[in-house]
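So the structure is just underneath, and the comments pick up after that.
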Amino acid sequence: MTTAEAPPANPVGFGRMTRKEDARFVRGKGTYVDDVVLPGMLHGAVLRSNLAHARIVSMDTSAAEAHPKVKAVITGKTLEGLKLAWMPSLSHDVVPVLATDKVRYQGQEVAFVVAEDRYSARDALELIEVDYEPLPPVMDAREALSPGSAVIRDDIEGKADNHIFDWEAGDRSATDQVFERAEVVVTQDMLYPRVHPAPMETCGAVAHMDKVSGKLTIWCTTQAPHAHRTLYALVAGLPEHKIRVISPDIGGGFGNKVGIYPGYVLAVVGSILTGAPVKWTEDRSENLMSTSFARDYHMHGEIASTRDGRITGLRVKVLADHGAFNNTAQPSKFPAGFFHVFTGSYDLEAAHCEVTGVYTNKAPGGVAYACSFRVTEAVYLVERMVDCLADELGMDPAELRLKNLLRPEQFPYMSKTGWEYDSGDYPRALRLAMDIAGYEQLRAEQERRRRAPAPQGAPAPLMGIGVSFFTETVGAGPRKHMDILGLGMADGAEVRVHPTGKAVVRLSVQTQGQGHETTFAQIVAEQLGIPPEDIEVVHGDTDNTPFGLGTYGSRSTPVSGAAVAVAARRVRDKARLIASAMLEVDPDDLEWEKGRWFVRGNPTSARTIQEIALAAHGPLELPEGVEGHLDAQCVYDPPNLTYPYGAYICVVDVDPGTGVVKVRRFVAVDDCGPRINPMIVEGQVHGGLADGLGMALMQVIAFDTDGNCLGGSFMDYLLPTSMECPSWELGETVTPSPHHPLGCKGVGESATVGSPAAVVNAVMDAIGVRHADMPLTPAQVWRAMQGRPLRTDLALA
Amino acid sequence: MTVNGEQVTRDVEPRLLLVHFLRDDLGLTGTHWGCDTSNCGVCAVWMDGEPVKSCTVLAAMASGHEIRTVEGLEREGQLDPVQEGFIQEHGLQCGFCTPGMMMTARYLLDRNPHPTDEEIREAISGQICRCTGYENIVRAVRWAARHAAAGQAREEVSAP
């Protein structure tokens, strides 16, 4: 120890404790996929298209095959022979593993080389000659449905345009009526630009097909190992019991590691063809240009209200750019994810949205980056619209929100688009955020600064204050409504207490940094009174964990956390029966106190969970119907989604000469129900706030009109550093979910969802402009101040 | 070169990056590979006592030099205060940027034992973390600064 003071003892249950997983990470002893080394392992590399739209005329791989260190060259033709050239997408479409007919975005997979080492595999890519016939790229989503537009998906029989789907939610005619009689209507177009989650670890896999046993083992950067295993079985026709997916330590996911990428499949094919293990690890440019992007929603919003600021209706039309293949990862029945939660935190009379999805010559994906299945876009839309309305009415944006927020007595609240919000006290959260920020004083300071005479020399910074309030809908989800490719979104858990009273819990979900090894031990500890350090958490290995759909959409605690809690309570119930046999009393005469069952009225007559565990494995005569050992399992089917929420306030200073935005303060009040480990929850919020700040101010994956990706490296795709991030100021309220066994609502994505609007609202407040699209780079802010904000998704000539 | 105090001799291709040499040839996988463009810093190690981004240093350039990686932070089974600080203040989540962050933090504290928050932020500004929003990394370095004295005192006591 290097500390003089003794560290506090771990709580036996909920509370702050340091993480069990940190011991390996701080020593550099984590095991990420690229750290996996197997005897005789080969290395794969992917040849990618340099064009966004082109027909493949011919391909010559002979020189690559002749390279002395190359073991195999795989093309679309190879895969066609194996019936693996195309695989099903997660959204009723198909995705090529390797292009066979055309390339449809820059960075698409064209060929795969397997060689003796990393560098030789890359060398051999240079030796492959591809003859392309360039086709006109469709880069502007707003032109994708124009009659003259090139047809991207001519692989789909009869396809004559770039249309994917039309979808709507809410009551159109009721909403139209609200707008017809509205006293005030404000309209605003806005783009939530394409961004990329960019976890620090890129995607990769090590595949090993054991020809003797016929068992395929895949170490893979996946947030959903079980779903991947089932999909491999369905797509490749491999028997599911002969596939083992291991997701070891994952260096961040944020939704980027939900889908199955061609590289994973190619590593598998490479291993099958060469008989050796094959590793594939993408580089940063491959990650940014080809894997799951997020957002890319072109939104037309309309908000209706009375003159005194009572919001009555919301109407939205969305053009959703899904890239070249519809491969969004979301519950099957919801092509726009949960976007229809766009009524946000307000009590409206009516609301309606229409979403049209289109193909463009961009990478596929679309639901990623801590978005809670498009809740991010929805929250941004409504929170910007409310600020636009405040601007129109000349009202303070916090006051306008307080006037319209749902009231505590309205819960459970059925929204106008069909969501049943579980619980909340919204005004309390916003008032707390205003107290922490000192909202009145901030407004007074802003007023003072605005009235102050202009200084000599450089102009004074413009101060802005932005408010946002968000409601999330997470924890997908009830299996009768929610599935991914037919797999219901329920998750399993197993809890087993060993004879000596130590325990193991096995999870279907997969941490990418969230700290499951600690949090889930604490959930069991809280239920059974076994110290968390005595509880091993097993996850990320399909051979050793129960089935479930994995970690994304803030679903680990809402779904898997519930499964673990219920399983642990079943263990507790069984322990009661065993304790009754040990104490020779009726089970009904026993009472539970964390860690032991005791005889009511006689607290010294008791058996601890550890004593019970030993007895459960011993010769004790067990009550009728009770089997030996001490374990239980649960498959948790959530009765409803959970609805975490929060109130955020951002203070910025904008340099009017350069457009540079400095985030001075950021206050975040979150309500995610009870906090299992407050330290971890706060860490999740911090990270999400940085994400939101990044998207608001600097992150964008844009394209030029020739189809070139302009965000293909960290020199071009800017991420926030320690210098742009303020010291986050957090607050909390606690409103348990009534239907979750622990009352917990999930928190992983809250801050990413809620924060971008607060930053943008603050900048608009500072510069006195109603709207400019993200990212609010210095150039964009400066242009907005001149009344000429840029379109940020395209570099237009 | 020496790596964490041990002499290492290998024949390598002239183009081999130091990060790949450390990871693939020496099995020191605590140093990570993140961006190839010197932007992210997950590959940060020390060369002759100075932090470098090992994705933009050739292994051959490190010949004859001293390299220190995250595996060399712990001394005789004793965690460096920086490592302990990252645990105590929750300075890491996925752990991928952590080794590089800690190497930079150790370098900072060796030169400036009591840095301000601004100095800590400046020191790690060439490195990216996607999980923590940096706040707890700053706190972790502060923790290490507060506890360094105790650690050093013990080292003096235990010195022969």
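Across segment A:612-627, coupling constants 3J(HN,Hα) worked out from phi with the 6.51/-1.76/1.60 Karplus curve, θ = phi - 60°, read 5, 4, 5, 5, 5, 9, x, x, 3, 6, 8, x, 3, x, 9, 7 Hz, and Gly and Pro carry x. Pairs from the table (A:Lys502/A:Lys594; A:Lys215/A:Lys279; A:Lys211/A:Lys257; A:Lys102/A:Lys159; A:Lys333/A:Lys480) lying more than 21 angstrom apart at Cα are A:Lys211/A:Lys257. By definition, a body whose alpha carbon gyration tensor gives a ≥ b ≥ c is oblate when a/c is 1.5 or more and a/b is not larger than b/c, and chain B fits this oblate description.
Applying 1/(1 + (r/R0)^6) with r as the Cβ-Cβ distance of A:Ala452 and B:Thr116 and R0 = 35 angstrom yields a FRET efficiency of 0.75.
Of interest is the spacing of the C-alpha centroids, which for segment A:726-797 and segment A:487-519 amounts to 34 Å. Footprinting exposure proxy ranking of A:Met41, A:Met209, fewest other C-beta atoms within 10 angstrom first, gives A:Met41, A:Met209.
Its Cα centre serving as origin, chain A has a Cβ charge dipole (Lys and Arg +1, Asp and Glu -1) of approximately 500 debye. A run of chain A free of exposed loop cleavage sites, with GluC sites (Glu not before Pro) counted only in DSSP states other than H, G, I, E and B and at most 15 other beta carbons within 10 Å, reaches its longest extent at A:184-583.
Calculate, in whole percent, how much of the Cα-Cα pair population of segment A:288-334 lies beyond 12 Å. Across segment A:288-334, Cα pairs with separations above 12 Å total 73 percent. Extension gain for A:Ala160 to A:Arg407 (0.36 nm times residue separation, less C-alpha to C-alpha distance): 84.0 nm. Per-residue ellipticity at 222 nm from helix content only, as computed over chain A with -39500 (n - 2.57) for each DSSP H run of at least four residues, stands at -8000 deg cm²/dmol. If you average the C-alpha positions of segment A:563-579 and of segment A:397-439 separately, how far apart do those two centres end up, in angstrom? Spelled out, the Cα-based centre of one part sits 37 Å from the other.
So if a site counts as exposed when it's one of the trypsin sites (Lys or Arg not before Pro), its DSSP state isn't H, G, I, E or B, and it has at most 15 other Cβ atoms within 10 Å, what's the longest stretch of chain B without one? Answer - B:16-160.
Calculation over all alpha carbon pairs of the protein assembly as shown in 10 angstrom steps from 0 returns a P(r) of 2, 12, 20, 24, 21, 13, 6, 1, 0, 0 percent.
We did not get these values from a lab; they are worked out from the coordinates using the rules stated. Because the structure is predicted, anything quoted here is derived from the model rather than measured. Every residue, glycine as well, gets a Cβ built from its backbone with ideal geometry; the counts of neighbours run over all protein chains shown.
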